[in-house]
Each structure stands twice: as C-alpha cells, then as structure tokens.
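S.K.: Dumping the structure here so I can ask a few things about it.
Any read-out appearing in this document is the output of simple, stated calculations on the displayed coordinates, not a laboratory observation. Fair warning: this is a prediction, and the values are worked out from it, not measured in the lab. Ideal geometry is used to build each Cβ from the backbone, glycine not excepted, and the neighbour counts take in all protein chains shown.
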Amino acid sequence: MAPRTLFDKIWDHHVVETLPDGTSILYIDRHLLHEVTSPQAFEGLRLAGRKLRHPEMTMAVVDHNVPTSDRTQPIEEPESRNQIETLERNVKEFGVPYFPLLSASQGIVHVVGPEQGISLPGMTIVCGDSHTSTHGAMGSLAFGIGTSEVEHVMATQTLLQRPAKNMRVTVEGQTGPGVSAKDIMLAIIGHIGTAGGTGHVIEFAGSAIRDLDMAGRMTICNMSIEAGARAGLVAPDDTTFAYVRNRPFAPKGEDFEKAVAFWRTLATDPGAHFDKDVTLRAEDIAPSLTWGTSPETVLPITGTVPDPALEADESKRVQMQRMLEYMGLEAGQKIAGTPVDVVFIGSCTNSRIEDLRAAAQVAAGRKVAEGVRAMIVPGSGLVKRQAEEEGLDRIFLDAGFEWREAGCSMCLGMNPDRLTPGQRCASTSNRNFEGRQGPGGRTHLLSPAMAAAAAVTGCLTDARELV
Amino acid sequence: MEKFTTLSAVAAALPEDNIDTDKIIPARFLKTTRRTGLGKHAFDSMRYRPDGSENPDFILNQEPWRHAEILVTYDNLGCGSSREHAPWALLDFGIRCVIAPSFADIFFNNCFKNGILPISLPRDVCELLMADSSMGSNARLTIDLPRQVVIRPGGEEVPFEIDPFRKHMLLEGLDDIGQTLQHESEIKSYEQKVVGERPWMPVITLD
Ligand code: SF4
C-alpha cells in the first residue's frame, strides 16, 4: 500500500461506503452536542419519527449560553434559558449522556471531550461548532458541522463527506523562553494566512509540536479553523497516551494497551504525500498578538502596527485602513504599551489548567491595573476545581481578577459577558472579528501569559519582562 | 419528509428580483429552538406593519393567496445568508414549490433538503405564470413532477428540467438521511467489523 498520512488512515478506517459520485459515507465515533446548534436537529428527528442511532456515542453539555457568575440563580436571558431547557428535555427524551450546568464536569464542549476521555486518538469526532478541530490534538479527525448534518449524524451515525487534501505544517527547533503554543499558532496563521489551509486538513508536525503538552496541542488544533482548514491534527504519541490513561471514559487495563498498540499505527508513513507543506523555525517565533480584525493580522509584541500606505494591493490597503480605524490604532505605533480595558482569559483555545498556571505565574504577587476588568473563565468545572486545589484562584483573586464558572463566556458574548463599544480587550480566545466579543469591542488575541501581563500593567506588554 | 408528486394549488406572485433570505425570514427570528412555527414570520417585514398588524396590500395577506402553496418570483431568489431557516419558514407557511428564473445556490439546495421543489423557468414564462396567478382561486397551477410540467389554468403545459436524482428524492420523500438509511446494511456491517477489530472502543454511559 502507498504511504499514507495520519488523516488518510483515519479516513480509510471510517469509510462505510464510497458512492458513485465520489462522496463517502463516513462513520462517526463521537457526536458532541451543545444547546445552540442541536435543538432543530432533535426536532427534525422527532418530526420524521426517527431515533437517535447511538446515544452511547453521543455526549451533550451546555456551554455557549450559560452564565459564568452565580448559577444557583435562574438564568436571566429568556432565549438562553429556553435553549438550555430545550437541551435538557431533548437529552432526557433521547437518552443522551449529559453534563448539566450544575455538574462539576460541565464546561466548554471542546475542553470536556478530551478531559473526560470521550475524545480519543484515531476517532472521527463531530460537533455543531467550528472549533471541534480542537479534538484533533488527540490524533483524531475532528470537525464542525451544520444543523442538518447534526441531524444526519443523530439518525445514521454517519456523514456524507468528500476527502480533504493533506497539508503539513512543521515547526522545527526549540521555542525561546515565554513562547507558548498560542504564539506558535498565531505565528503559523500570520505566515500562511486565514485561507492558507482552505480545503485541507492540517497535520502539525516537527519537534516544537512534539514538545508541546496536550493543552498546547489543543490550542494549536483549535485555531486550525482560523487558518482556513477544516481540521487540524497531531500524531498520537507517548504524550497523548499518558494524557488519555485513566480518563473516565478511556479504555482501561488490557483494553488500554490494545488501544495504544492500535493508536501507534496511525502516524503518517515516511514518504506520504502532502498537497501542501510549510515549515517554520521555532526560534523565529516571538510572543505574538493580533492588531486587526482578522486572525492573520499577527505581530510580535516587540513590533509596530503596519502602515497601510506600504501595502501595494488596493483592496488590502483599504481593509487595513478600516481595521486600524475600528481598532483605534495608528500606523507605525508600537503595539506594546497600548492601554486595555478588559482582559479575558478563557475559551476553548486557552482555558485549561496549563493555561491558568501560565497566567498565574505572571499574576502572582501583582495587582490588576487600575480601571482594568480582568476575568478568568476556566474551561470546565474540573479545571476550576484543580486550579483551586493548586491555589491559583487565590493568586488571581488577590491580584483582583474575577474568578468565574466554566463556559464560553466572553469568547462570543452570547451570555451577559460582553464588551461595550470601543472597549479594548486582551483575549486568549480565537476570533477577533468586528463585534465578536460585543458590538464595537476591540479584540487582541494573545496567550494566557500575555493576557495576564496586560491585566497587571494595564497595557499590551511583553510577558517576558514579568517572569 | 413529505413526498412530492403532483401539486394543484393557488400561486402567489412576488414580482421582485433578489428576494434574500433575510426578507424570507429576518435574522431576529433565528434564536428559536424550533424549525416549525417560523411560517408566521415568513416575509415579516413585508407582511406586517410596524405596529404588528397585517399589511393588507401584501399579497400573502389577501384571499385566496393567503393559502398559496406556490410562489412565483423574479431572479436570484434566496440570495444572502445561507440560513436554513428560510426554507423552514416557507414550508411552515405552506409553500411547497417556488418558481423563479434563477435561484441562489445554497437556498436552491436547502429547498430540496426540506421537500420544497424549486423550478427554474425563463423570465417571460414566470411573467405568464404571475398573470395566471392574479386570477385567484379559479386559476390554480398544477405541478406534475413525474411528467416535469407546470400546467397553466387553461391547460397549456410548460416543461421544466430537474436533476434525476433530486427528482427521485422528492418523489420518494427522501431527505439525505433517508438516502443514507438506504445503506443501512452497509452501516450495520461496518459497525460489526469495528466491534471485531477494535473491541476496546469504549461507549459513553453515565448513571
Ligand atoms: S469558547 Fe468560543 S470558540 Fe470555543 S466553543 Fe465556545 S464560543 Fe466557540
């Protein structure tokens, strides 16, 4: 057999049948549900008198709309409340395993899946949410789907798909001190652009990727979408297996050993073909952030805001001008030192225990700057509990951060955590489009350490100066 | 999905180009958790006045077009955002067939997914059908899908084109799911094969 990539192998394992027009019926191992994109799909099943084919391969959790403040009170926003109550009725009726709002295991679906051992290497994993790519860090094929596809998976446990093209992004070498997975990914997106991965599934490879822990790999795969790709993945290795071992829903004992033996066969074969191949040097990557309203507008923290006048392409120039106006920045200004109003540490990109530790390291013994609102929103109840066991909550609370309950929160501002017009936010999330975190809000995407540095200095700051 | 064979019904004319999905169902109705019930908001901004009362000048508020099951419009029907709520709203209103000189791609596909037949006919033919429809309830149009003709009130037949696979899906009332379920035995044998090869694959159960 010709050498195959990790993606090819997972794909081949899951093809039920290839139809004459070239689409394949692809088997799905895990279907993750949340309150926003599932209700119409459940309704569709009900209207057609269909059953949920495999509730035991499905999992549901509430995250997008949940309040991250006191949860013993009823939810104020009627639409959020309705979506949450609808999910609760649906999971009961269809027998779906569900992590309710008040469960310690509740959290952002893309944090909960790996954390519970529900997302495993070699699997196909889907969810009605584009950042499903996060689970690719496990060495699985994971991608977001629309509402009618959600219903299709519910009824058939399959999807109609055509294979994507293969792309490899290799990061070789060792990152400098203070450079995190987020910085690596921002550098990659800055390098290949938001359309760089279009039509492809990206395999992240190279020593700098292998050296990352699972949280870091999840940060990288999470933002594959921002690089235009359908999914991102990392070959499963000892780091992966050590992470998976003893997770609640992972195979146990002898089964685990058998699973590992199988997972080891998944890595890309030497000589396998990639339609696109990009390499970056880890040493060249600095702590980074975005200055504009597209995730590819990446700068090192030591850099200056680019000048549209130097852009040859007319439409790009106009776009840059518009971004500068929206973001309230001047061409040529140093990005470091720009004052911020809000700091958000959370989202499925950066809300795991490792992320909170990195932020705490910067925040320890310091105070949130006057006039800055800084919030920490752990990715799950379990992350929150562990942070509290390690005393991180005390560090944050003493410094003046808000310590909140798990959920999507200000990543998309569906719950009450929103920016007001003109507010500038240092955010560890993944999207900086106009209005993403609230109408008129200005978002700078950056790492947890850099976000914490912005909180304690009151402006965008090179976190390396503080550790 | 309901089968589509022949439909004999009142047609309503909306003689406009570029009726976008936001006109069909405005964004503010998207926070719903249901796909039914959107019919009362279909064409909301044309159908209701700012105080919420019906606009008597709008055709879908008049007899007999209030009961229209066929819609005839001009070019590029369903352009704009790709929301699947647009066909949901039309279907819930009672529309089973839309006729226009051209359609936006995603809307066109979404119609089939929801059991609505989109028929593309030249603009001058659409004008004739609009004139027919203005005669009201004595002037029903008949859509004969098996024979691929629209039958005008006077009996004249207008042929139309449709992809044979999509025609089959509509005639049988099959959606994508129904189609995939025709491969049930392949899915079953795949599942058995995996259980054999990877018996350690865990299932999710909570108590
Ligand atoms: S944290 Fe943000 S990006 Fe992630 S699932 Fe929630 S809303 Fe989507």
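S.K.: How much length is gained on full extension from residue A:317 to residue A:333, taking 0.36 nm per residue of separation minus their Cα-Cα distance? Could you put the intermediate results ahead of the total?
M.R.: Details: separation 16, 0.36 × 16 = 5.76 nm, distance 1.72 nm.
Length gained between residue A:317 and residue A:333: 4.0 nm.
S.K.: If you don't mind, there's one more thing I want to ask. Remind me, relative contact order of region B:6-175 in percent, using alpha carbon pairs under 8 angstrom and six or more residues apart?
M.R.: Values: 339 pairs, mean separation 42.6, N = 170.
Computed value for region B:6-175: 25 percent relative contact order.
S.K.: Still on this structure, please answer the following. Rounding to the nearest 20 debye, state how big the charge dipole of region B:55-185 is about its Cα centre with +1 on each Lys and Arg Cβ and -1 on each Asp and Glu Cβ. Can you show the working numbers first?
M.R.: Working: 10 positive and 19 negative charges, 22 e Å.
Using Cβ point charges on Lys, Arg, Asp and Glu, region B:55-185 gives about 100 debye.
S.K.: I would also like to ask the following. What lysines does residue A:258 reach when the alpha-carbon gap must be under 20 Å and sequence neighbours fewer than 8 apart in one chain are set aside?
M.R.: Residue A:258 reaches A:9, B:193.
S.K.: Next question, about the same structure. Rule-of-thumb check for region A:1-140: C-alpha Rg over 2.2 N^0.38 Å?
M.R.: 1.18
S.K.: When the label point is put 7 Å from the Cα of residue A:17 along its Cα-to-beta-carbon vector, which residues of region A:162-186 have a backbone N closer than 15 Å?
M.R.: Zone members listed by number: none at all.
S.K.: Give the percent of DSSP beta bridges with both residues in the protein assembly as shown that are antiparallel, rounded to the nearest 5. All intermediate terms of the calculation are to be shown ahead of the outcome.
M.R.: Numbers: 24 of 77 bridges.
If we restrict to bridges inside the protein assembly as shown, about 30 percent are antiparallel.
S.K.: For residue A:232, enumerate residues with amide H under 5 Å from its amide H, sequence gap 5+ or separate chain, H modeled in the peptide plane.
M.R.: Under 5 Å from the amide H of residue A:232 lie the amide H atoms of A:136, A:142, A:202, each far enough along the sequence or on another chain.
S.K.: Now a separate question. Among B:183, B:41, B:85, which one shows the highest mean-square fluctuation when chain B is modelled as a Gaussian network with alpha-carbon springs under 10 Å?
M.R.: Most flexible of the set in this elastic network: B:183.
S.K.: Oh, and also: Which of the listed residues, B:73, B:91, B:159, is farthest toward the dipole's positive end in chain B, when Lys, Arg count +1 and Asp, Glu count -1 at the beta-carbon?
M.R.: B:91
S.K.: At R0 = 30 Å, how high is the FRET efficiency between residue A:56 and residue A:79 if r is their beta carbon distance? Nearest 0.05 is fine. Show your work: numbers first, answer last.
M.R.: Numbers: r = 31 Å, r/R0 = 1.02.
For R0 = 30 Å, the calculated efficiency reads 0.45.
S.K.: Nearest 20 debye, what's the magnitude of the dipole of chain A about its Cα centre given +1 on Lys and Arg Cβ and -1 on Asp and Glu Cβ?
M.R.: Values: 44 positive and 58 negative charges, 60 e Å.
It works out to roughly 280 debye.
S.K.: So what are the ³J(HN,Hα) numbers for region A:215-221, from phi and the Karplus equation (6.51, -1.76, 1.60; θ = phi - 60°), rounded to whole Hz, Gly and Pro as x?
M.R.: 4, x, 5, 5, 4, 5, 5
S.K.: Something else now. Show that you can apply the helix-only estimate: for the protein assembly as shown, add -39,500 (n - 2.57) for every DSSP H stretch of four or more residues, divide by all residues, and state [θ] at 222 nm to the nearest 500. Display every interim value, and only then the final one.
M.R.: On the way: 23 runs with 214 residues, N = 674.
Mean residue ellipticity at 222 nm (helix-derived): -9000 deg cm²/dmol.
S.K.: What spacing in nm lies between the two simple spin-label points modelled at residue B:134 and residue A:281, each 7 Å away from Cα in the Cβ direction?
M.R.: 7.5 nm
S.K.: On to the next question. Return the long-range amide H neighbours of residue B:117 (sequence gap of 5 or more, or a different chain), with a cut-off of under 5 Å between placed amide H atoms.
M.R.: B:97, B:98
S.K.: Report the GluC sites (Glu not before Pro) located in region A:367-405 that are in a DSSP loop and have at most 15 other Cβ atoms inside 10 Å of their Cβ, or state none.
M.R.: Values: sites: A:370, A:388, A:389, A:390, A:402, A:405; in loops: A:370, A:390, A:405.
Passing both the DSSP loop test and the Cβ count: A:370, A:390.
S.K.: Within straight cross-link reach of residue A:334, meaning Cα distance under 25 Å, which lysines are found once same-chain residues fewer than 8 apart are removed?
M.R.: A:182, A:316, A:367
S.K.: What is region A:332-465 by shape, rounded, prolate or oblate, if you read a ≥ b ≥ c off the alpha carbon gyration tensor as root eigenvalues and call it rounded for a/c under 1.5, prolate for a/b larger than b/c, and oblate otherwise? Working shown, then result.
M.R.: Numbers: a/c = 1.77, a/b = 1.19, b/c = 1.49.
Judged from the Cα gyration tensor, region A:332-465 comes out oblate (a/c at least 1.5, b/c at or above a/b).
S.K.: Arrange A:183, A:417, A:21 by Cβ neighbour counts within 10 Å, fewest through most, would you?
M.R.: Numbers: A:183 27, A:417 24, A:21 8.
By the 10 Å Cβ count, ascending: A:21, A:417, A:183.
S.K.: What is the order of A:257, B:184, fewest Cβ neighbours within 10 Å to most?
M.R.: Numbers: A:257 13, B:184 10.
With the sparsest Cβ surroundings first, the list reads B:184, A:257.
S.K.: Which of rounded, prolate, oblate describes region B:6-175, given a ≥ b ≥ c as roots of the alpha-carbon gyration tensor eigenvalues and a/c under 1.5 marking rounded, otherwise prolate only if a/b is larger than b/c? Intermediate results must be reported in sequence, preceding the final value.
M.R.: Numbers: a/c = 1.72, a/b = 1.21, b/c = 1.43.
Judged from the Cα gyration tensor, region B:6-175 comes out oblate (a/c at least 1.5, b/c at or above a/b).
S.K.: Relative contact order of chain A, please, whole-number percent, based on alpha carbon pairs below 8 angstrom and at least 6 residues apart.
M.R.: On the way: 1124 pairs, mean separation 80.4, N = 467.
Reported relative contact order: 17 percent.
S.K.: Mind giving me the nanometre distance, one decimal, between the label points for residue A:385 and residue B:66, set 7 Å out from Cα along Cα→Cβ?
M.R.: Each label point lies 7 Å from its Cα, and together they span 5.9 nm.
S.K.: Separate question: Across region B:158-165, in residue order, what do the Karplus-derived ³J(HN,Hα) couplings come to in whole Hz, using 6.51 cos²θ - 1.76 cosθ + 1.60 with θ = phi - 60° and x for Gly and Pro?
M.R.: Coupling constants for region B:158-165: 10, x, 9, 9, 7, 4, x, 5 Hz.
S.K.: Ok, one more. List B:205, A:72, A:194 from most exposed to least, where exposure is judged by having the fewest other Cβ atoms within 10 Å.
M.R.: Ascending Cβ contact count within 10 Å gives the list A:72, B:205, A:194.
S.K.: Further, regarding this structure: Give me, ordered by chain and number, the residues 5 or more places off residue A:211 or on other chains with an amide H under 5 Å from its own placed amide H.
M.R.: Answer set, sorted by chain and number: none.
S.K.: Show me, for region A:310-315, the HN-Hα J-couplings you get by feeding each phi into the Karplus relation (A = 6.51, B = -1.76, C = 1.60, θ = phi - 60°), rounded to Hz, glycine and proline as x.
M.R.: Working through the residues one at a time gives 8, 8, 6, 6, 4, 5 Hz.
S.K.: Please give me the summed charge of the neighbours of residue A:438: other residues whose Cβ is under 11 Å from its Cβ, Lys and Arg +1, Asp and Glu -1. Let's see the in-between values first.
M.R.: Numbers: positive: A:418, A:436, A:442; negative: A:417, A:434.
Computed value for this residue: +1.
S.K.: Taking only C-alpha pairs under 8 Å that are 6+ residues apart, what is the relative contact order of region A:332-465 in percent?
M.R.: Details: 314 pairs, mean separation 46.8, N = 134.
Once normalised by length, the contact order is 35 percent.
S.K.: List the lysines whose Cα sits under 24 Å from the Cα of residue A:92, skipping any in the same chain fewer than 8 residues away.
M.R.: The reachable lysines, counting only those whose Cα sits under 24 Å from residue A:92, are A:51, B:31.
S.K.: If you don't mind, another one. Where does the charge balance sit around residue B:186 when Lys and Arg score +1, Asp and Glu -1, over other residues with C-beta under 13 Å from its C-beta?
M.R.: On the way: positive: B:188, B:193; negative: A:17, B:184, B:191.
Summing Lys/Arg as +1 and Asp/Glu as -1 gives -1.
S.K.: As a test, work out the antiparallel percent of DSSP beta bridges whose residues both lie in region B:6-175, rounded to the nearest 5.
M.R.: Working: 11 of 24 bridges.
Taking every DSSP beta bridge within region B:6-175, about 45 percent pair in antiparallel fashion.
S.K.: Same structure again: Under a point spin-label approximation (7 Å from Cα along Cα-to-Cβ), what is the residue B:147-residue A:273 distance to one decimal in nm?
M.R.: With each label point 7 Å from Cα toward Cβ, the separation is 5.2 nm.
S.K.: Separation of region A:229-279 and region A:1-65 by C-alpha centroid, Å?
M.R.: The distance from the Cα centre of region A:229-279 to that of region A:1-65 comes to 20 Å.
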